Amino acid sequence: MLVVPRRASLIGWVGSTDHKRIGVRVATYAFGFFLLSGAFALVMRTELARPGLQVVSENTYNELFTMHGSGMFFLVMAPLALALGMYFVPLQIGASDIAWPRLALIGDWLIPLGGVTMFSGFLTDHGAAKAGWTAFAPLSDIDRSPGYGMDLWIFGGLLATAGVLLLAISVLTTIVRFRAPGMTMLRLPVFTWSMVATCLLVITSFPALIVALSLLFVDRHFSGVYEGASGPVLYQHLFWFYGHPVVYVIFFPFIGAVAEVVAVFSRRRFFGYHALVLSLLVFAALSMSVWAHHMFATGRVTNQYFALTSTILLVPAGVEYFDLIGTMIGGSILLSSAMLFAVGFIVLFLIGGLTGIIVASPPLDYHVHDTYFVVGHFHYTIFAGSLFGFFAAVYYWYPKVTGRMLRERLGKLQFVLYFLGANLTFFPMLVSGYEGMPRRVADYENIHDLSLMNMLSTIGAFTIALGTLVFLWNLRVSSRKPVPAGNDPWQGHTLEWWTTSPPPPHNFDSLPPVRSYSPLYDRRLGES
Amino acid sequence: MKVALPFVAWAALLTVLAAVLWVWSSDHVPPAIFTAAASVAWCVGLYALLRPFPRAVRRAPDLSLASGLVALAIAMLLLSALVGEWLLLIGGGALVAGLVWLARELRAERRVR
């Protein structure tokens, strides 16, 4: 490995092929898009606090929910998931760098370029895209969505999706080829295994979105690809073949991170490692086969098959939950901020998963389809689930990335605000959706206490915003008054804690022997 | 072989699920999409099976502005469909320049080995 001194210049920052810099860059601008898309959510919640139109027009509201959802999926959660993998997978497997660093760098650049392209729709005559993050045909065709905003959305989606795809190819190849001596596949850390599942899903499902969006552009400007009775169904098949696996792309890395956190802060080796690895692979394969449960209401899909596969998903999910809880049982649990977010992830994702059973069952799905119940369900999985997992990872790995500690008190305050805020926002959505409130509306009738439910959701959304401000304050305090972290502040189990904080460009000066999936835990056990 | 096993097993699982859908579904589009994805999974498995481990000493670039230029060129080429021919020409030029620059980087990297 050729070691070249780091450059502090801007060119050195934006052009670096160091996997750690790529990971930090992707995470940084994904977090920027999170703040922007989150601000859109606050405007929407302010509008929905009371019936009637008070803050924005219906047209602007349509743009806001479209760009909020698109931003969160294309530019925030999927890039964040891959950013974690890009940074930590080489460190966990004892590699000095990544495979195909230039490919990863191109991917790294494509994501923000996609984001800028997508959001630049606001500057065009007809405004940004307003066909929802799913852009269903024919709502997204040239007659119903005229103007450049929709086209910019398509190109932004294409660029960002291609970017994530390239990052996944690089991470997966690194796992296949660059493992340290002794690091066999069955000694890969849990987080790395979760990235294997994630990358497999990205590589096999994201091309479907690239095809869907390319054809959508052709449909809008050249010929009616999605015309006729079967056209919109074809689009939905292609879109959901990406759209459902992407939920797991933004779930697996965070359950992997949560598993690491749970093991380290329970002071135990991870329980049921082999079962977890198997369940991750089965979970990933099954999650590729459930996409059309989003399409039950079209009446054009094989309900039995998709309902069955969607229900079977419970089995690997149950195994993972069993392993997480099994690790905690009998452990000496330390309730740090990271551990609190991990437990929050386990609890809140469970609510998301259980409400998923309802939408996986055709007769129940017919009742709640396109209502706020669905919005509540997927926000429980994505925000209340995956984002809690992300913050567990942030509090756990921030000392490794920066060499500084985040403040625990501020972390716990953020957790309390997030936990209260998430439940206050999303649980009333389940109730209002069950009562029949449709999604994607700026106004609603005040029946069945919908006004109360919406007011609660709005208060919850601002509580979450307050929690985000606490996190930003925590970053600032950590930067202004740094508390050195040392190499291994948590007594971690995996190889990233062996090297310095932050790690050197070549990652490791030496490596300990690898005899299991938790080599540093083994070493500590041997010493004691 | 051991490295490839999980990837091959995963591809096989996708193939089985796709096969069941072929039997169950009267519409050919869903199983066709699923089969295409399973084929990609087989390619990943094959890569894991055939690809040798890298040499112990590798040369890796510290900087690659050429990669950034290629990404920028791809974005420009895509956007030229909306903006016009002038961006197509700039994007095309940038792509060629980026690829040439990348080739020079790779050649220099090989020379150091």
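None of the figures in this text is laboratory data; all of them are computed from the coordinates on show. Here the structure is a predicted model, which means the values were calculated and not measured. As a convention, Cβ positions derive from the backbone with ideal geometry for all residues, glycine included, and neighbour counts pool all protein chains shown.
Summing +1 for each Lys or Arg and -1 for each Asp or Glu among the other residues whose beta-carbon sits under 15 angstrom from that of A:GLY157 gives 0. Per-residue mean of foreign Cβ neighbours for B:33-39 is 5 (Cβ atoms of other chains, 10 Å radius).
Relative to the Cα centre, what is the charge dipole magnitude of region A:19-527, using +1 at the beta carbon of each Lys and Arg, -1 at the beta carbon of each Asp and Glu, and rounding to the nearest 20 debye? Don't jump to the answer; show the numbers that get you there.
Values: 29 positive and 26 negative charges, 364 e Å.
Dipole of region A:19-527, to the nearest 20 debye: 1760 debye.
Taken along its principal axes, the alpha carbon cloud of chain B reaches lengths of 50, 47, 15 Å, longest axis first.
May I ask you to order A:482-492, A:23-33 by the average number of other C-beta atoms within 10 Å around their residues, highest value first? Write out the running numbers ahead of the final one.
On the way: A:482-492: 15.8, A:23-33: 20.5.
Averaged packing, sorted descending, gives the order A:23-33, A:482-492.
A quarter of the convex hull surface defined by the alpha-carbon atoms of region A:71-222 gives 9.0 nm² as the mean projection.
Charging the Cβ of each Asp and Glu at -1 and of each Lys and Arg at +1, and nothing else, the dipole of region A:154-305 about its Cα centre rounds to 640 debye.
Sites listed here are trypsin sites (Lys or Arg not before Pro) in region A:53-151 whose DSSP assignment is loop and whose Cβ has at most 16 other Cβ atoms within 10 Å: A:ARG144. With one equal scatterer per alpha carbon and no solvent term, the Debye-computed log10 I(q)/I(0) for region A:1-84 at 0.19, 0.24, 0.26 1/Å reads -0.83, -1.06, -1.14. Nearest 10 degrees, 0 to 90: what angle lies between the long axis of helix A:190-221 and the longest principal axis of chain A (Cα atoms)? In chain A, helix A:190-221 runs at an angle near 30 degrees to the longest axis.
Lys and Arg at +1, Asp and Glu at -1: add these up for the other residues within a Cβ distance under 9 Å of A:ASP443 and post the number.
Numbers: positive: none; negative: A:GLU47, A:GLU58, A:GLU445.
Residues near A:ASP443 contribute -3 overall.
Inter-chain neighbour count for A:300-312: the average number of beta-carbon atoms from partner chains within 10 Å of each residue's beta-carbon is 3. The chymotrypsin sites (Phe, Trp or Tyr not before Pro) of region A:140-233 that DSSP puts in a loop, and whose beta carbon has at most 13 other beta carbons within 10 Å, are A:PHE222. Angle of helix A:408-434 to the longest C-alpha principal axis of chain A, folded into 0 to 90 degrees and rounded to 10: 30°. Every pair of different Cα atoms in region B:65-112 enters the Kirkwood calculation, which places the hydrodynamic radius at 11.0 Å.
How long are the semi-axes of the equivalent ellipsoid of region A:369-410, defined as square roots of 5 times the Cα gyration tensor eigenvalues? Whole Å, largest first. Intermediate values should be presented prior to the final figure.
Values: eigenvalues 207, 17, 5 Å².
In descending order the semi-axes read 32, 9, 5 Å.
All Cα-Cα separations within region A:155-295 were binned at 5 Å from zero, giving a P(r) of 2, 9, 16, 18, 17, 12, 9, 7, 4, 3, 2, 1, 0, each value a whole percent of the pairs.
Any number yet on Rg/Rh for region B:5-50, C-alpha, Kirkwood?
Details: Rg = 11.2 Å, Rh = 10.6 Å.
That ratio is 1.05, to two decimals.
Proximity of backbone amide H atoms, modeled 1.01 Å from N, is registered between A:ARG404 and A:ALA485 at under 5 Å, excluding neighbours fewer than 5 places apart on the same chain. Within the same chain, aspartates and glutamates fewer than 8 places from A:LYS20 are excluded, and of the rest, those with a Cα less than 13 Å from its Cα are A:ASP97, A:ASP108, A:GLU496, B:ASP62. Ignoring lysines fewer than eight residues from A:LYS481 along the same chain, the ones with Cα atoms less than 21 angstrom from its Cα are A:LYS400, A:LYS412. Taking the alpha-carbon centroid of each part, what is the distance from region A:431-481 to region A:107-159 in angstrom? If we compute the Cα centre of each part, the gap is 25 Å. The alpha-carbon atoms of the protein assembly as shown, seen along their principal axes, cover 66, 60, 56 angstrom, with the largest extent given first. Taking the C-alpha atoms only, the angle from helix B:65-83 to the longest principal axis of chain B is near 80 degrees.
Note on region A:19-527: dipole from Cβ charges, positive end direction compared against A:LEU420, A:LEU335, A:ILE325; the farthest Cα belongs to A:LEU335. Counting charges near A:ILE333 (Lys, Arg +1; Asp, Glu -1) among other residues having Cβ under 11 Å from its Cβ returns a value of +2.
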